[in-house]
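Structure first, then comments.
No lab work stands behind these numbers, since they all come straight from the coordinates. A quick note: this is a predicted structure, and the numbers were derived from the prediction, not measured. Here the Cβ is made from the backbone with ideal geometry for all residues, glycine too, and neighbour counts use every protein chain on show.
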Amino acid sequence: MGGFFGVVSKEDCVKEVYFGTDYHSHLGTSMGGMAIWSGKSFNRSIHNIENTQFRAKFESDLPKLKGNMGIGCISDTEPQPLTVRSRLGQYAISTVGKINNLYEIVDQAFAKQHIHFLETNQGTIYPTELVSVIIDEENSFKEGLLKAQELIEGSCSVLILTPQGIYASRDKLGRTPIIVGEKEGSYCVSFESATFANLGYRSKYELGPGEIIFLTTDGIEKISPPRDKMKICAFLWVYYGYPSSTYEGVNVEIMRYRNGALMAQKDDVEIDMVAGIPDSGVGHAIGYSNQSKIPYGRPFIKYTPTWARSFLPQDQTIRNLVARMKLMPIPELVANKRLLFCDDSIVRGTQLRETVDLLYKCNARGVHIRSACPPLVFGCKYLNFSSSRSDMDLVARQAIIKLEGKEPESFDEYCDPDHEKYNCMVSCIGKILNFSTLKYQKITDMLDAIGIDKEKICTYCWNGKG
């Protein structure tokens, strides 16, 4: 996935950029970076943070960085921010999103001549560099950002730090958020509003889909108005958003409580304890427990002091090892208990299967799984929220192939919770992963828990409708 954070201030802002960027580390990433405008030039620092916390990597850089404006980024695809000198002047740029037609745009750029890209050690082209090339072909940052919105298939939100201020451009369908915070003498712009409270900011303004603003210490200048159509990602609330963040007026943790409560209302399983798969399953489980009046407990604990998030390493074997090693059971709370676990989602299911097997080894009487969202039948094509390389990585897709013997012409029946094929798929997944029982949240209830206009929410992962 990824996230970014920027500050314009009347005072030195390096520590605020440092902490604000660090507050995006939960977004499942491997690279971190900061760019600070010193008043004369850009000072930039980029590190690999796959196995080390952002703060630890960047703390020694802080004395070298000074300035009243800066941006920072956590990225799972490339080192950012980039610093650029072009016909538009000096600037630093950071992006969040996924460009599906990257090489098509690259070919168009090459056809115009006098264009080149810095090749990476994998021979690929960095998406953020491509965005900077698109922008530099136009006569202003506004025109360049609008051109990028027009050309890019997928999604792309952008921060541009210039010597005069920060441009912020939310992707054209608003799939990811950009929120402005305010305090005396300073403004910040952030993916996560969770950054605001501890840095002394209060929420000031949330950009609409495709909206572009220019941020200075004097305030917010609206450069291009929001578009009419929005398709914000539902997983912001269900999975990867931080609990204290709010998007489109809806807080993440409160949504999860509502979502868990709705799951409990339609469940009649006999259990002794409700628990959450940490971290993002916890809020759903609390909502389930509060509604069902069944005690909430922690039959295993996540050991966080030294283990990184399990989906950070690119190698699946290493991800599985990290997931297994960081979860520590409490046998006294597991033995002879019928346990129900709420998880944010079930993607491959590999890590969850190993967790369930661990609980059975601790003599659990039953392990019932409740997913806070419907079965993932389609891999996301708009955001890099999952490292799945193929739809066949998805356990739901594997179950469908197992039932059909081949890939069906249509998946519609498997996306319909009232259809027999859906029930067969869920039963198959439960057997593959060795659950006592398995139920998924219905898409209508999930959308009700979010609580904004359903037409503004992307549900592609569950029904193929973006």
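At a 10 angstrom cut-off on C-beta neighbours, averaged per residue, how do the peptides 209-221, 189-201 rank from highest to lowest?
189-201, 209-221
How tilted is helix 252-265 with respect to the longest principal axis of the chain? Cα atoms for both, answer in degrees (0 to 90, nearest 10).
With rounding to tens, the tilt is 20 degrees.
Which order do Val334, Val96, Val250 fall in if you start with the one that has the fewest other Cβ atoms within 10 Å?
Exposure proxy ranking, most exposed first: Val250, Val334, Val96.
Can you sort Ile179, Ile36 by how many other beta carbons sit within 10 Å, fewest first?
Lowest to highest Cβ neighbour count: Ile179, Ile36.
Only counting other Cβ atoms within 10 Å, I'd like His24, His368, His114, His47 sorted with the fewest neighbours first.
His114, His47, His368, His24
Counting pairs of Cα atoms in the chain, how many percent are more than 37 Å apart?
Every Cα pair in the chain considered, those over 37 Å come to 28 percent.
Over 29 Å between Cα atoms: which of Lys10/Lys57; Lys10/Lys147; Lys112/Lys172; Lys204/Lys456; Lys337/Lys406; Lys98/Lys442 fall into that group?
Too far apart for the 29 Å limit: Lys10/Lys147; Lys337/Lys406.
Any chance you could give the angle, 0 to 90 degrees and rounded to 10, that helix 141-151 forms with the longest Cα principal axis of the chain?
40
For the Cα atoms of the chain, what angle does the longest principal axis make with the long axis of helix 316-326, in degrees from 0 to 90, nearest 10?
Long axis of 316-326 versus the principal axis of the chain: about 70 degrees.
Projecting each Cα onto the charge dipole of the chain (Lys/Arg +1, Asp/Glu -1 at the beta carbon, about the Cα centre), which of Val356, Asn198, Thr21 comes out farthest on the positive side?
Val356
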